[in-house]
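The structure appears below as structure tokens.
The values are calculated or read from the model by the stated rules, or taken from the named source; none is laboratory data. Nothing here was measured: the structure is a model prediction, and the numbers come from that model. All Cβ positions, glycine included, derive from the backbone under ideal geometry; neighbour counts span all protein chains shown. Just the protein is used for accessible areas: all its heavy atoms, side chains included, with ligands, DNA and RNA removed. Shrake-Rupley method; radii C 1.70, N 1.55, O 1.52, S 1.80 Å.
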Amino acid sequence: EIAALAGDLERMRAELIRRGKEIAVSAERHKAVLENAAEAVITLNEEGRIESFNVAAERIFGYAENEVLGTPFSRFFLAAEISRCIEPDGKPRPGAGLSLTALRRNGESLPVLLSIGAFRHGDDTLYTAMVQDISERVMFEEKLARLAYYDPLTGLPNRRLFHDRLGEALKRADRNERLAGLLFIDLDRFKNINDTLGHLVGDLLLQAAAQRLQEVVRKGDTVARMGGDEFTIVLDDMRHVDAATEVAQKIIHQFAAPFRLGEHEVFVSPSIG
């Protein structure tokens with residue numbers, strides 16, 4: 001019986017060792033997954049202080065793990081946005097898909113997507129914060145917005161944004177009992193320049209003309225390109241009708257000087273209505 005008992009104990013010991021090794025391997029695998037995750041994975045205690053910080057978190061925020069352990073998670077975000085992810089008492093606020101501005105070690109800011117989940121570990125409540133750098137996505141969205149609302153050649157607002165700006169100016173004029181002005185401009189003999197000197201020179205002329213138009217308006221006014229050689233200017237918050245005439249005269253004066261376009265020098269006058 002003693003021998004049988006000893007055999008059972010040995011088998012139990014072997015089983016415990018085997019299971020211990022499996023648990024260790026599983027723990028190592030779990031750690032490797034966290035360390036190599038594309039998103040930052042940060043473990044927080046109930047006070048919102050950092051308990052673990054994976055490699056992606058080091059890359060995103062610019063800190064090594066040993067530099068941030070025990071420090072508040074709120075250190076990484078703008079003061080105006082902290083309340084969206086941290087309670088007044090410092091506890092993390094669970095939530096998914098929060099768009100925030102994160103602060104890196106070098107002082108740069110970057111847009112991130114934050115999700116915080118809570119879980120129990122023994123008697124403690126811990127939190128997992130997952131942070132994704134979305135700066136490339138934001139840049140792509142901004143590029144799409146520019147394509148939707150701005151002329152790619154001149155960088156001016158396009159026809160779509162022009163209508164929006166005009167509508168806003170008319171509402172302000174009505175609300176403030178002021179006037180809004182609208183000027184239509186096209187370039188005289190532009191087609192001849194395009195046909196004789198080529199479209200590259202024509203494009204350079206449109207860019208230069210756009211620059212000169214922007215130089216004669218106020219900050220709140222809008223210069224837009226409608227297409228071809230047609231431009232518009234929305235004059236906001238005018239006190240009297242003569243203000244539009246004054247801007248038109250400034251435009252004519254601006255276009256009196258020749259345009260130097262590469263090896264060419266051309267004179268172009270504007271027609272304004």
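General remarks:
- Region 64-78 - residue that is touching a helix residue (DSSP H, G or I) at 6+ places or on another chain (Cβ under 8 Å) and surrounded by 15 or more Cβ atoms within 10 Å (Cβ to Cβ) and, of those, farthest from SER135 (Cα to Cα): VAL68
- Residues of region 217-233 satisfying the condition of being of a type in the set (A, V, I, L, M) and open to solvent by less than 20 Å² (accessible area, probe 1.4 Å): VAL223, ALA224, ILE233
- Flag for GLN211 being open to solvent by 60 Å² or more (accessible area, probe 1.4 Å), under 26 Å from ARG146 (Cα atoms) and in contact (Cβ under 8 Å) with a residue 24 or more places away in the chain: no
- Every condition in (1) open to solvent by 40 Å² or more (accessible area, probe 1.4 Å); (2) free of Cβ contacts under 8 Å to residues at least 12 places away in the same chain is met by GLY198 except one, and the failing one is (1).
Residue by residue, here is whether (1) within 21 Å of the chain's Cα centre (by Cα); (2) touching a residue at least 60 places away in the same chain (Cβ under 8 Å); (3) open to solvent by less than 60 Å² (accessible area, probe 1.4 Å); (4) farther than 16 Å from THR43 by Cβ holds:
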| position | (1), (2), (3), (4) |
| --- | --- |
| GLY62 | yes, no, yes, yes |
| ALA80 | yes, no, no, yes |
| ILE86 | no, no, yes, no |
| GLY90 | no, no, yes, no |
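- Sub-6 Å Cβ pairs linking a first residue in region 157-170 that is open to solvent by less than 30 Å² (accessible area, probe 1.4 Å) to a second residue that is of a type outside the set (Lys, Arg) and assigned to a helix (DSSP H, G or I), at least 6 apart or interchain, are LEU161/TYR149, ordered by first then second residue.
- Wholly enclosed strands (runs of 3 or more DSSP E) of region 186-273 bearing at least 1 residues modelled with pLDDT under 95 and out of contact with any strand residue (DSSP E or B) (no Cβ under 9 Å at 6 or more places or on another chain): 222-227, 259-261, 264-266
- Only one of the numbered conditions (1) more than 20 Å from GLY227 (Cβ to Cβ); (2) open to solvent by 100 Å² or more (accessible area, probe 1.4 Å); (3) modelled with pLDDT of 90 or more is not met by GLU177, and that is (3).
- Total residues in region 106-155, condition open to solvent by 30 Å² or more (accessible area, probe 1.4 Å), in contact (Cβ under 8 Å) with a residue 40 or more places away in the chain and not hydroxyl-bearing (Ser, Thr, Tyr): 7
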